[in-house]
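Only the coordinates and a few stated rules stand behind these numbers; no lab work does. Keep in mind the model is a prediction, meaning the values are calculated, not measured. Neighbour counts run over all protein chains shown; Cβ positions are idealised from the backbone, glycine included.
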Amino acid sequence: MPGQRGCVPSPPSQVSISPRAASISSAPRDFENTGLIEVSIRAQDKGSVTPWLKANLKAGNTLYISQAMGEFVIHPTKAKKVFIAGGSGITPIRSMLKENIDSAWLKDAHLFFYLKRPEDAIFAADLYQLSKKGLQVHHIFTEQQGRFSMEHLSKQISESDLSAHEYYICGPGNMITDCSTSLSEAGINQTQIHSEFFGAKPAAPIQGLADDDAHEFIQVDYLDSRKQVQFTSGTVTKTLLELAEEEGLKPVSGCRMGVCHQCICTKKQGRVFNTKTQTISDSGTEDIQLCLSVPMGPVELQL
């Protein structure tokens, strides 16, 4: 499906790394025509995998990929569509748009593409071809025009027409959160807002707990490793995966956004907040995804 992701593989030559998730930026029709799948990956200066790929991956190497995963796909409705991309968040949106280059809705669609500066723009040839089919492409350079604002949308779409659109958002976590909040405050129904985070949804201190749910002090015990981490309630904004890694543990993980399920771990007791479902778990034994779970009180993990 356009816009989905696959878990990228261990590199060749018997180099072993945990899988990573990357966006498929080509369209399914491209695969049907050429037999090729295009994955667009930005090399992260401090990353452990992407710099290796850039420096070592050669034509003819073999990679192993999973089936596509994720729920960031075009919904089969006749509603007008607005796409909001931040930086490399354009990759799954490019796939969606290319797959639907002949769709009737494209001539009424808008793409707001946020970049730091003009030289950061990618996929210029594809966006030009899409614009010839009617897509209205708006490049917004944040160093000059600032980050996402409803004013950027209202300059191109009348206020009375905003609620007639579906919104597809992909990019940095804070951008997605800001966009979704702004759209909701403007009266857009949540069912019309679709997004996917590049990484886990940003965690934040959980508000609105009843007094008997609050803990002054939180301790996470890693039973198998005989380690623990302690902090004051209300100060943690990190997931259990991040906390474990800071303690020197190396739990298996992949996508870090709740898609691949590789970081599932048994919680022996304690309550956690799921940043994806926005729900709080029961206190008993259960399997949880470390990359989505924020401790709500004392937690024991079989890790």
Label point 7 Å beyond Cα of I264 along Cβ direction - residues of the stretch 276-303 with amide nitrogen under 11 Å: 287-289
Part-to-part distance (alpha-carbon centres) for the stretch 53-71 and the stretch 163-187, which is given in Å: 31
Loop GluC sites (Glu not before Pro), the stretch 165-198, which have at most 12 other Cβ atoms in a 10 Å radius of their Cβ (DSSP): none
Approximate spin-label separation A59-K155, in nm, with each point projected 7 Å along Cα-to-Cβ: 4.2
In Hz, Karplus ³J(HN,Hα) per residue of the stretch 67-79 (6.51, -1.76, 1.60; θ = phi - 60°; x = Gly, Pro): 5, 4, 10, x, 10, 8, 9, 5, 8, x, 10, 8, 5
Principal axis box of the stretch 69-140, alpha-carbon based, largest edge first, Å: 34, 30, 17
Distance between modelled label sites at D224 and E32, nm, 7 Å Cα→Cβ extension: 4.5
Label point 7 Å beyond Cα of E119 along Cβ direction - residues of the stretch 130-144 with amide nitrogen under 18 Å: 140-144
Summed residue charge, Cβ within 14 Å of A121's Cβ, Lys/Arg positive, Asp/Glu negative: 0
Surface/4 of the Cα convex hull for the stretch 237-303, nm²: 4.0
